[in-house]
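The values are calculated or read from the model by the stated rules, or taken from the named source; none is laboratory data. Everything numeric in this text was worked out from a predicted model, so none of it was measured. Heads up, the Cβs are rebuilt from the backbone with ideal geometry, glycines too, and the neighbour counts pull from every protein chain shown. In case anyone asks, the SASA skips ligands and DNA or RNA and just uses the protein heavy atoms, side chains included. Shrake-Rupley method; radii C 1.70, N 1.55, O 1.52, S 1.80 Å.
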Amino acid sequence: MAAAAIACPYGVLTPYPIPKELAGRKVCNLGDGFILRAIERRLGAFAATHTFSPRVTVPAAAEATLAATPAVVLAGANQLAENWTIWPGFTAARLRASTLRLVPFGVGLHGAPGHSERLSATTKELLVAMHERIAFSSWRCPHTVALLARELPQLAPQLLMTGCPVVFDQPLLDGQPFAERANHVAVTPTERDDFFARETAIIDHAAATWPRTRRTLVLHQNWSPPTRGELLRHRFWPVAPERLDPCQRLRQYAVRRGFRIAAPDSADALLAFYRTVDVHVGTRLHAHLHCLSQAKRSWLVPVDGRAAGIAESLDFPLCQPDTLHAHRDFDFERVRARARALFPTMRRFVDSLPR
């Protein structure tokens, strides 16, 4: 029986999907769903009745439901920031007044400048209270652990650098060779800040490197969903870029360079799509980690600091659009060796969870 088919006794707080209270104000990042599914590979499938979002205040009834479980998993992503409080308004005093056991699983630094250089007194007190009830916590990169150990040295023995759960899957761990074929190439953009020059340079690289290969621009966070007939218009009746929003402009550019567009509506649909992909290049960290976990070649261009620690721990290069060609012959067995070395720490963490 697959791990995800096994009933999981734990509760979970996950940023995937977006809660109904924030519908229309937040855009779902399907990479957060990759983290959730990867955790389920280790623990089993979380019950819908025990799954809640940390993006909104957890209601009292839901908190009681979570408190009745052996532990509540904080499901990964780049949540650790200066004023992290698990969910809005939550405090150490409230935790100590409850029976909740909160367990970080693959949580990482926020990554954007100015958000995770230090921890507030409120966040430090909450982290101390959390660790009073658990043996270990799981963090996704050495930079995250270094910050925590510097700010809270008394917790250092409990901080496990497990890596991100997304990278730990059978093809990588069991030795399946990295595929040399390139029949389908996925390019993943991050449509944030001033992204157009960076993302079009990656599109150009993929078009030049794999000119006769099926190429798809894959949207992990669909900020401006394609409208009916949009992609046909991009191909046959392109409009002036100034008439398009930045996301439409990027899609038109990709279509004109020979790309298809994929915009799956769920993490599971996106994972199914990646089964058709042979090679990945782009700026989406969890697309990169997922492809590596499936023993598929992948190159990552970072957009901020959140990938640096993971790259260091897994020994893969962080590229820039104009240096991607220099890493074409990267030895991906280096990543496998590092993942295998990290995996016992992940197992130690999972084995420590309350039953």
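For the reader, a short list of remarks on this structure follows.
- Selected residue (criterion: farthest from the chain's Cα centre (by Cα)) from residues of the stretch 72-90 that are more than 16 Å from VAL56 (Cβ to Cβ) and surrounded by 22 or more Cβ atoms within 10 Å (Cβ to Cβ): VAL73
- Any hit, the stretch 24-46, residues being open to solvent by 40 Å² or more (accessible area, probe 1.4 Å) and over 30 Å from LEU292 (Cα atoms): yes
- Complete set of residues in the stretch 195-204 that are open to solvent by less than 30 Å² (accessible area, probe 1.4 Å) and over 24 Å from CYS28 (Cβ atoms): THR200
- Selection within the stretch 5-30 - of a type in the set (Gly, Ala, Ser) and in contact with a Leu (Cβ under 9 Å, 6 or more places away or on another chain): GLY11
- Candidates ARG192, ARG215, ARG235, filtered to the one that is among the basic types (Lys, Arg), at pLDDT 95 or above and either open to solvent by 10 Å² or more (accessible area, probe 1.4 Å) or touching a Gly at 6+ places or on another chain (Cβ under 6 Å) (or both): ARG215
- Helices (runs of 4 or more DSSP H) fully within the stretch 191-301 that include at least 1 residues being aliphatic (A, V, I, L, M) and in contact with a strand residue (DSSP E or B) (Cβ under 6 Å, 6 or more places away or on another chain): 196-209, 230-236, 246-256, 285-293.
- Exactly one residue out of ARG243, ARG275, ARG228, ARG257 is out of contact with any Leu (no Cβ under 6 Å at 6 or more places or on another chain), surrounded by 15 or more Cβ atoms within 10 Å (Cβ to Cβ) and of a type in the set (D, E, K, R): that is ARG257.
- In the stretch 10-23, residue most open to solvent (accessible area, probe 1.4 Å) [restricted to those that are over 17 Å from VAL166 (Cβ atoms) and aliphatic (A, V, I, L, M)]: ALA23
- Qualifying residue in the stretch 171-181 (condition: out of contact with any Ser or Thr (no Cβ under 9 Å at 6 or more places or on another chain) and either surrounded by 17 or more Cβ atoms within 10 Å (Cβ to Cβ) or more than 30 Å from PHE343 (Cβ to Cβ) (or both)): yes
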